[in-house]
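I have placed the structure first, in the form of structure tokens, so that the comments after it can refer back to it.
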Amino acid sequence: MIGIILLLLLFIIICGLLAIFIFCVLIPSISQDKDRVQKFIFAPDELKISSHPKKSLADSGLRAVVLCSHDKEFEQQRINYQGPKDCVLFTKMYETEYDCFQQCLGFGACVNHCPQRAIQIINNTAVVTTGCIGCGRCVETCPKKIIKLVPKDMVASQVLCGNTKGETSCSACQREKKTEIPPRHVFKLWKLCYNIFYGKADRKD
């Protein structure tokens, strides 16, 4: 019993000494040598680029709308695609998996290009959330050209369908329905860590 207590005390002392070394010796020395290490690894031009402060995007007053309803269902399927999930590649090769050539593919090209992380995939369809500020990057990214910018007070009145090329088995084709904007998912723990290490996050909730 005494041996276990002694080992426990020894472990606590070692952990304490290690913590003192890290916070009082190692971290201060790294901070002092930070500039010298950066100059050794990076070229001056690279340091100049990395030192520029991040610019937060301004709210344009517009909001992105995907002209394809996430409530849709199809009766007819042309192919069962199992290839790479890339919107541009799929569009060039097959154009559509079902019988609507204006449907959202749901592979997430716009999701990856949205600086606000304001787009999510629901039922294989891109859906714009409350984090959108109307920057327009998703509009440029979509190969189907079914994303448009509208004034934010007109988002709820949009018909979520871009089909202009004939009949389709889509259940939501040209159906009028009040647009519901889902809230953006925010991972609070990740945001807290980001704020601690890199300062206040640029994106607003």
(message) Please list, ordered by chain and number, the residues whose modelled amide H lies under 5 Å from the amide H of Ile122; skip anything fewer than 5 residues away on the same chain.
(response) Val127
(request) Can you tell me which of 108-114, 71-77, 87-93 comes out highest on packing, and rank the rest after it, using the mean Cβ neighbours within 10 Å? (result) 108-114, 87-93, 71-77
(message) Starting from 0.36 nm per residue, how many nanometres of slack lie between Leu6 and Phe101 once their C-alpha separation is accounted for?
(response) 26.8 nm
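Using 0.36 nm times the number of residues separating Val159 and Phe23, minus their current alpha carbon distance, what extension gain do you get?
43.1 nm
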(message) Please list, in order along segment 127-141, the HN-Hα scalar couplings obtained from phi with the Karplus expression 6.51 cos²θ - 1.76 cosθ + 1.60 (θ = phi - 60°), rounded to whole Hz, x for Gly and Pro.
(response) 10, 7, 9, 5, x, 5, 10, x, 6, x, 5, 5, 4, 6, 7
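Can you give the extra length, in nm with one decimal, that the chain gains between Ser60 and Ile14 once fully stretched, where that is 0.36 nm per residue apart less the Cα-Cα distance? Walk me through the numbers before you get to the answer.
Values: separation 46, 0.36 × 46 = 16.56 nm, distance 5.63 nm.
This chain segment gains 10.9 nm when fully extended.
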(request) For segment 10-22, just list the computed ³J(HN,Hα) in residue order, Karplus coefficients 6.51, -1.76 and 1.60, θ = phi - 60°, integers in Hz, with x standing in for Gly and Pro. (result) 5, 5, 5, 5, 4, 4, x, 5, 5, 5, 4, 4, 5
(request) Note down the nm distance, to one decimal, between modelled labels 7 Å out along Cα→Cβ at Gln77 and at Leu89. (result) 2.1
(request) Could you list which residues have their amide H under 5 Å from that of Ile147, counting only those 5 or more apart in sequence or on another chain, with H placed in the peptide plane? (result) Leu67
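Every number here is computed from the coordinates shown, using simple stated rules; none is lab data. Note that the structure is predicted; figures quoted are calculated from it, not measured. Note that each Cβ is placed from the backbone with ideal geometry, even for glycine, and that neighbours are counted across all protein chains shown.
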